[in-house]
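Right, one structure below, let's go through it.
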Amino acid sequence: YYQNAWLLVNQVTYGFSDNFSVGVGVVPLFLFGFDYSPVWVTPKFSVPIGHDKGAFGGGALLGGIPGQERSGFGIVYGVGTVGSRDLNATVGLGYGYAGGNWADRPVINFGGLWRTSRKWAVQTENYIINTDGDNLYLFSIGARWMGPSIAIDFGLVRPYYNGDSEGILALPWLSVTAPFGKKKRG
């Protein structure tokens, strides 16, 4: 599938099997005259718990900025989801790195999805990031519209830095996902 967020973040992901996928992404800042553009790769594996009961998985986001020294960034993570495709909850834990240094503390992720009809779902994805005693919290609430050949996610993200939102009420979120290739029958 192809996914675009905020018109700038682009990623293509291919599922080599039901349990292994790899994505590649770019923020094409060179289109706006910048000398750099972040790129990344996202390998991920998953193991189902049982039919429609959830899965455990692990993966990484491994990135950098070509032509820039010590520009590596990313995260290595594990995640668990319980529930079905229509109603689920997810908890994840990962360790990030940037500029050659690993984080001292993990990033915590929790979220969920509740499908309210054939084409609509309510979703949330949230992060707790702690670095050097500073805390960044990202809380989101949104909706997903699922059409026959496209899905659109939209919602609001509320950041808190050390417990303060610094006057930001919420930031908008918008992403579009379009599958490609053969449809799986089943």
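The values are calculated or read from the model by the stated rules, or taken from the named source; none is laboratory data. Because the structure is predicted, anything quoted here is derived from the model rather than measured. All Cβ positions, glycine included, derive from the backbone under ideal geometry; neighbour counts span all protein chains shown. The area values use the complete protein model at the heavy-atom level, side chains included, leaving out ligands, DNA and RNA. Shrake-Rupley method; radii C 1.70, N 1.55, O 1.52, S 1.80 Å.
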Checklist line | Whole-number accessible area per residue in Å² for the chain, which is evaluated in the context of all protein chains at 1.4 Å | finding: 65 Å²
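Within segment 33-72, which chymotrypsin sites (Phe, Trp or Tyr not before Pro) sit in a loop by DSSP and count at most 15 neighbouring Cβ atoms inside 10 Å?
Details: sites: Phe34, Tyr36, Trp40, Phe45, Phe56; in loops: Phe34, Tyr36.
For chymotrypsin sites (Phe, Trp or Tyr not before Pro) across segment 33-72 that sit outside H, G, I, E and B with at most 15 neighbouring Cβ atoms in 10 Å, the list reads Phe34, Tyr36.
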Next item on the list: Using a cut-off of under 19 Å, list every residue of segment 95-113 whose amide N is near the label point 7 Å from the Cα of Tyr160 along the Cα-to-beta-carbon line.
Entry: 106-112
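Taking 0.36 nm per residue of separation and subtracting the Cα-Cα distance, what length does fully extending Ala170 through Arg118 add?
On the way: separation 52, 0.36 × 52 = 18.72 nm, distance 2.82 nm.
In short, 15.9 nm is gained.
Keeping the other protein chains in place, figure out the carbon and sulfur percent of the accessible area of segment 1-91, with a 1.4 Å probe. Can you show the working numbers first?
On the way: 3850 of 5800 Å².
About 66 percent, which is the carbon plus sulfur part of the accessible surface.
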Item checked: Calculated Cα extents along the principal axes in Å (choose from (i) 50, 41, 33; (ii) 41, 39, 32; (iii) 47, 36, 30), label -> (iii)
